[in-house]
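Asker: Got a structure for you, questions after.
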Amino acid sequence: MRFKTASTPHLSSPDTVSILMRRVLWALIPGTAVLTAFFGIGVLSNLVLAITLCLTFESASLALRHRPLRPFLSDYSVVVTAWLLAVALPPLSPWWLIAVAAGFAVVVAKHLYGGLGYNPFNPAMVGYVVVLIAYPAELTSWVAPLGLNGPPPTMEALASVLGGGAAEWDGATAATVLDLVRTETGRGRMLSEITMLPVFGWFGGRGWEWANLAFLAGGLWLLQRGVIQWQIPAGMLASLCLLSGVFWMVDPEGFATPLFHVIGGATLLGAFFIATDPVSAATTPRGRILYGMGIGILTYVIRAWGGYPDGVAFAVLLMNAVAPTLDYYTQPRVFGHGER
Amino acid sequence: MKEYILILLSTILVNNFVLVKFLGLCPFMGVSRKLETATGMGLATTFVLTLSSVCSHLANEYLLLPLGLEYLRTITFILVIAVVVQFTEMVVHKTSPLLYNVLGIFLPLITTNCAVLGVALLNTQEHHGFVQSAVYGFGAAIGFSVVLVLFAAIRERVAVADVPTPFRGPAIALVTAGLMSLAFMGFSGLVRG
């Protein structure tokens, strides 16, 4: 009688890149649905354009590199990149803006480095930061949420997206809450006065707060399924809370509450979906904690004192640059050997 | 004290000499293939940059200005930097042969680092005092070293990546430096002026 002897590892995981990426997409759906409910059709137009353009760029890059299309397109990683880009950009972004972002994300940040698994920087965030620096005016005017002028009429809005014209809706766009806090405290207004404005909602920006809680739910599901590890989100949220808490206690009228920093802006989306990108993040357990903490600290510093309204994208890119060094210095001890 | 901390923050993060002012790109590209050499280069540059920043400030303040020889500034600074580098090399050679061996060719190469001359010239342009010059030079050097080490670690990873043939080597390194520079744009506006 013969027994089949398999080589190690004896327990193999059925997970493939494709399955993991599809789980990330499932987890992104609730947050995106809430965003659509509050900000209208613009979120969906972003999503359709971003996915189409990213797939086009991906296919073109693969063709130029003489790689097979099917296995790489069916791993869904480029759809995740496109999806993150779509929810990061303001709703109803014109097509050319999404094209520039998608081009930089897929071609420069991903394929110049050899495609999935090699990119040192998060592709979606590279695309986002490029357009944020190149077109700051388009990137800082968000469609006002439902119940506050509301989104513009659907057909006209879609026509402007495809026509590429700068959308000039009367009163339909508004600064994001983070932007508002930064400019108004800069003018010397009290924070208690600013947060009374209708755009603030309950605790973190009307519309935004519910979308972010939905993203949190999706992120917790990913955590429970083991798609992402706890170290990065925990490190990021803990350091952000700690830092904002200290400054809030020193000067409650000049600095926003920790709750506002966590629920407002892109914190939760960043903590669970962007910072946890397995390719560009740190990989050692200790390195991951430091990586997450670094993102939290940098996010707060850029939000509180920097020139850009939200710092998550920059913080992620900066820590992407630090991640290889972190991995180098935090390699865990190999069993049976001394420290290094 | 606050002023010096602001100068440090400004030179390390906001106005990083490599990624924002684009100075000192030759050693940034040349010595960043391995993490160890990058660390050594960073240490040597930090020492020389701080010392030369102070020396060129003294030369400018007590030699060029009283004699009305401002038009000789650039050439004087180059001379001062060369002397400082040579002096450092001789002292290190005599006192610590081990460190001398570790630094090797990088030490004399610092003479041609444009960041060193850039710091000296910017010090006079911004009318920095003695301590300000020292802090400015030190901050610039720390910013240079930090970015160099991070860049070297990324490059070690990119070296084994499946980079398309036309982009291998310096091309992808420059793309990486560009993306790092993009990330450092996030610090803009952090320190005014």
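The values are calculated or read from the model by the stated rules, or taken from the named source; none is laboratory data. On a predicted model such as this, the values are computed, not experimentally measured, just so you know. Glycine also receives a Cβ, built like all others from the backbone with ideal geometry; neighbour counts cover every protein chain displayed. All accessible areas refer to the heavy atoms of the entire protein, side chains included, with ligands and DNA or RNA removed. Shrake-Rupley method; radii C 1.70, N 1.55, O 1.52, S 1.80 Å.
Asker: Yes or no: A:Phe260 in contact (Cβ under 8 Å) with a residue 12 or more places away in the chain, buried (at least 22 other Cβ atoms within 10 Å of the Cβ) and more than 13 Å from chain B (Cβ to nearest Cβ)?
Answerer: On the way: in contact (Cβ under 8 Å) with a residue 12 or more places away in the chain: yes; buried (at least 22 other Cβ atoms within 10 Å of the Cβ): yes; more than 13 Å from chain B (Cβ to nearest Cβ): yes.
Considered against the rule, which asks whether it is in contact (Cβ under 8 Å) with a residue 12 or more places away in the chain, buried (at least 22 other Cβ atoms within 10 Å of the Cβ) and more than 13 Å from chain B (Cβ to nearest Cβ), A:Phe260 comes out as yes.
Asker: Now, a different point. Take segment A:106-142 and flag every residue that is hydrophobic (A, V, I, L, M, F, W, C) and more than 26 Å from A:Val177 (Cβ to Cβ). Let's see the steps before the verdict.
Answerer: Step one: of segment A:106-142, the residues hydrophobic (A, V, I, L, M, F, W, C) are A:106-109, A:112, A:116, A:121, A:124-126, A:129-134, A:137, A:139, A:142.
Matches in segment A:106-142: A:Val106, A:Val107, A:Val108, A:Ala109, A:Leu112, A:Leu116, A:Phe121.
Asker: Taking A:Val301, is it assigned to a helix (DSSP H, G or I), within 11 Å of chain B (Cβ to nearest Cβ) and more than 16 Å from A:Leu243 (Cα to Cα)? Let's see the steps before the verdict.
Answerer: Values: assigned to a helix (DSSP H, G or I): yes; within 11 Å of chain B (Cβ to nearest Cβ): yes; more than 16 Å from A:Leu243 (Cα to Cα): no.
No; evaluated as a whole, the condition is false for this residue.
Asker: Would you tally the residues in segment A:96-132 being within 9 Å of chain B (Cβ to nearest Cβ), assigned to a helix (DSSP H, G or I) and hydroxyl-bearing (Ser, Thr, Tyr)?
Answerer: 1
Asker: A further question follows. Go through the residues of segment A:291-303 one by one and say whether even a single one is in the same structural domain as A:Trp210 (by TED's automatic domain parsing), surrounded by fewer than 23 Cβ atoms within 10 Å (Cβ to Cβ) and basic (Lys, Arg).
Answerer: no
Asker: So A:Leu222 passes all but one of these: (1) at pLDDT 90 or above; (2) open to solvent by 10 Å² or more (accessible area, probe 1.4 Å). Which condition number does it fail?
Answerer: (2)
Asker: Can you spot a residue in segment A:124-139 that is without any contact (Cβ under 8 Å) to a residue 60 or more places away in the chain and either over 19 Å from the mean Cα position of the chain (by Cα) or assigned by TED's automatic domain parsing to the domain that holds A:Tyr291 (or both)? Steps first, please.
Answerer: As a first pass, look at segment A:124-139 and keep what is without any contact (Cβ under 8 Å) to a residue 60 or more places away in the chain: A:127, A:130-131, A:133-139.
Subsequent filtering for residues that are either over 19 Å from the mean Cα position of the chain (by Cα) or assigned by TED's automatic domain parsing to the domain that holds A:Tyr291 (or both) retains A:137.
Yes, because at least one residue in segment A:124-139 is without any contact (Cβ under 8 Å) to a residue 60 or more places away in the chain and either over 19 Å from the mean Cα position of the chain (by Cα) or assigned by TED's automatic domain parsing to the domain that holds A:Tyr291 (or both).
Asker: Could you check segment B:148-193 and list, in sequence order, the residues that are of a type outside the set (A, V, I, L, M) and not in a helix (DSSP H, G or I)? Outline the logic, then answer.
Answerer: Here is the first cut: in segment B:148-193, the ones of a type outside the set (A, V, I, L, M) are B:151, B:155-157, B:162, B:164-170, B:176, B:178, B:181, B:184, B:186-189, B:192-193.
Result: B:Asp162, B:Pro164, B:Arg168, B:Gly169, B:Ser188, B:Gly189, B:Arg192, B:Gly193.
Asker: With the condition kept exactly as written, say whether any residue in segment B:135-144 is open to solvent by 10 Å² or more (accessible area, probe 1.4 Å) and either within 13 Å of chain A (Cβ to nearest Cβ) or in contact with a Cys (Cβ under 6 Å, 6 or more places away or on another chain) (or both). Even if it seems obvious, please write down each step before you answer.
Answerer: First, pick out the residues of segment B:135-144 that are open to solvent by 10 Å² or more (accessible area, probe 1.4 Å): B:135-136, B:138, B:142.
Filter again for either within 13 Å of chain A (Cβ to nearest Cβ) or in contact with a Cys (Cβ under 6 Å, 6 or more places away or on another chain) (or both), leaving none.
No, segment B:135-144 has no match at all.
Asker: Could we say that B:Ser188 is in contact with a Gly (Cβ under 9 Å, 6 or more places away or on another chain), open to solvent by 30 Å² or more (accessible area, probe 1.4 Å), in contact (Cβ under 8 Å) with a residue 12 or more places away in the chain and among the hydroxyl-bearing types (Ser, Thr, Tyr) here? It would help to see each step written out before you state the result.
Answerer: Values: in contact with a Gly (Cβ under 9 Å, 6 or more places away or on another chain): yes; open to solvent by 30 Å² or more (accessible area, probe 1.4 Å): yes; in contact (Cβ under 8 Å) with a residue 12 or more places away in the chain: yes; among the hydroxyl-bearing types (Ser, Thr, Tyr): yes.
Spelling it out, B:Ser188 is indeed in contact with a Gly (Cβ under 9 Å, 6 or more places away or on another chain), open to solvent by 30 Å² or more (accessible area, probe 1.4 Å), in contact (Cβ under 8 Å) with a residue 12 or more places away in the chain and among the hydroxyl-bearing types (Ser, Thr, Tyr).
Asker: Among what's in segment A:50-89 and is within 14 Å of chain B (Cβ to nearest Cβ) and aliphatic (A, V, I, L, M), pick the residue that is most open to solvent (accessible area, probe 1.4 Å).
Answerer: Filtering first and then ranking leaves A:Leu64.
Asker: Of everything in segment A:218-242, what is among the aromatic types (Phe, Trp, Tyr) and not in a helix (DSSP H, G or I)? Give them in sequence order.
Answerer: Taking segment A:218-242 first, the residues among the aromatic types (Phe, Trp, Tyr) are A:221, A:230.
Result: A:Trp230, single match.
Asker: To continue, here is another question. Return the residues of segment A:90-124 that are among the β-branched types (Val, Ile, Thr), over 13 Å from A:Leu49 (Cβ atoms) and open to solvent by 10 Å² or more (accessible area, probe 1.4 Å); say none if nothing qualifies. So that I can check it myself, show each step before the final result.
Answerer: Step one: of segment A:90-124, the residues among the β-branched types (Val, Ile, Thr) are A:98, A:100, A:106-108.
Narrowing further to those that are over 13 Å from A:Leu49 (Cβ atoms): A:106-108.
Correct list: A:Val107, A:Val108.
Asker: Moving on. Considering only residues that are crowded, with 17+ Cβ neighbours inside 10 Å, in contact (Cβ under 8 Å) with a residue 40 or more places away in the chain and in a helix (DSSP H, G or I), which ones fall in segment B:82-117?
Answerer: B:Thr88, B:Val102, B:Leu103, B:Phe106, B:Leu107, B:Leu109, B:Ile110, B:Ala115, B:Val116, B:Leu117
Asker: Can we say B:Glu70 is in contact with a Phe, Trp or Tyr (Cβ under 8 Å, 6 or more places away or on another chain) and charged (D, E, K, R)?
Answerer: Spelling it out, it is not the case that B:Glu70 is in contact with a Phe, Trp or Tyr (Cβ under 8 Å, 6 or more places away or on another chain) and charged (D, E, K, R).
Asker: If I filter segment B:175-193 down to residues being at pLDDT 90 or above and more than 8 Å from every other protein chain (Cβ to nearest Cβ), which single residue comes out as nearest to B:Asn15 (Cα to Cα)?
Answerer: B:Ser181
Asker: To continue, here is another question. Among the residues of segment B:13-28, which ones are open to solvent by 40 Å² or more (accessible area, probe 1.4 Å) and part of a helix (DSSP H, G or I)?
Answerer: Listed by number, the residues that qualify are B:Leu13, B:Leu25, B:Cys26.
Asker: Follow-up question, since we're still on this one. Only residues that are within 12 Å of chain B (Cβ to nearest Cβ) and open to solvent by 30 Å² or more (accessible area, probe 1.4 Å): list them for segment A:276-290, please.
Answerer: Of all residues in segment A:276-290, those within 12 Å of chain B (Cβ to nearest Cβ) come to A:279-280, A:282-283, A:287.
The answer is A:Val279, A:Thr283.
Asker: Go over the candidates B:Ala120, B:Ala153 one by one and state the one that is within 14 Å of another protein chain (Cβ to nearest Cβ) and buried (at least 18 other Cβ atoms within 10 Å of the Cβ).
Answerer: Result: B:Ala153 is the single residue among B:Ala120, B:Ala153 that is within 14 Å of another protein chain (Cβ to nearest Cβ) and buried (at least 18 other Cβ atoms within 10 Å of the Cβ).
Asker: Among the residues of segment B:162-174, how many are within 10 Å of another protein chain (Cβ to nearest Cβ) and crowded, with 17+ Cβ neighbours inside 10 Å?
Answerer: The total comes to 4.
Asker: Further question: Is segment A:21-32 home to any residue that is part of a helix (DSSP H, G or I), among the polar types (S, T, N, Q), modelled with pLDDT of 90 or more and open to solvent by less than 70 Å² (accessible area, probe 1.4 Å)?
Answerer: Yes - at least one qualifying residue is present in segment A:21-32.
Asker: Name the residue, out of A:Pro252, A:Pro309, that is assigned to a loop (DSSP other than H, G, I, E, B), within 14 Å of another protein chain (Cβ to nearest Cβ) and either over 21 Å from the mean Cα position of the chain (by Cα) or modelled with pLDDT under 90 (or both).
Answerer: Details: A:Pro252 fails: within 14 Å of another protein chain (Cβ to nearest Cβ).
Just a single option satisfies the conditions, and that option is A:Pro309.
Asker: Tally up the residues in segment A:51-92 that are of a type in the set (D, E, K, R) and touching a helix residue (DSSP H, G or I) at 6+ places or on another chain (Cβ under 8 Å), please.
Answerer: Going residue by residue through segment A:51-92, those that are of a type in the set (D, E, K, R) are A:58, A:65, A:67, A:70, A:75.
Applying the additional criterion that residues be touching a helix residue (DSSP H, G or I) at 6+ places or on another chain (Cβ under 8 Å) yields A:58, A:65, A:75.
Residues meeting the conditions: 3.
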